[in-house]
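Q: My questions will all concern the structure given below.
The values are calculated or read from the model by the stated rules, or taken from the named source; none is laboratory data. Given the structure is predicted, the values throughout are model-derived calculations rather than measurements. Every residue, glycine among them, receives a Cβ derived from its backbone with ideal geometry; neighbour counts consider all protein chains shown.
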Ligand code: SF4
Ligand code: SF4
């Protein structure tokens, strides 16, 4: 969940890259990954219709090609950005860059983000 400015985590781990150079936590093989709750859905506005999927009574960000459908991968610049950054779900906001969760996401998924950058 890329993205520019995150508050420092209270328990910093290894030096994280800039989110725009990482993108790991926006990747997942799961069909339902980022929950979209009521406030999240309302904040997404018109984008909610195209970028979310319902599973029964629960809503999630849509997934596409192994990552959140809102993730924009620019292979030329090697950057990963969130098309709904200002309105992203709370789950994305809660994952702090530099936290242990961030480190775990990078350990598990950073390699697959690199494979999306053919120029690198
Ligand atoms: S909404 Fe944005 S920050 Fe959250 S997983 Fe999707 S692309 Fe990443
Ligand atoms: S895994 Fe960490 S560094 Fe990478 S995009 Fe997510 S919050 Fe940013």
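Q: Looking for whichever is within 13 Å of ligand 2 (Cβ to nearest atom) and modelled with pLDDT of 95 or more here; the options are 24, 48, 69, 42. Which one fits?
A: Details: 48 fails: within 13 Å of ligand 2 (Cβ to nearest atom); 69 fails: within 13 Å of ligand 2 (Cβ to nearest atom); 42 fails: within 13 Å of ligand 2 (Cβ to nearest atom).
When all the criteria are applied, what remains is 24.
Q: If we keep just the residues of the range 99-112 that are near ligand 2 (Cβ under 8 Å from one of its atoms) and farther than 29 Å from residue 38 by Cβ, which is surrounded by the most Cβ atoms within 10 Å (Cβ to Cβ)?
A: This residue is 106.
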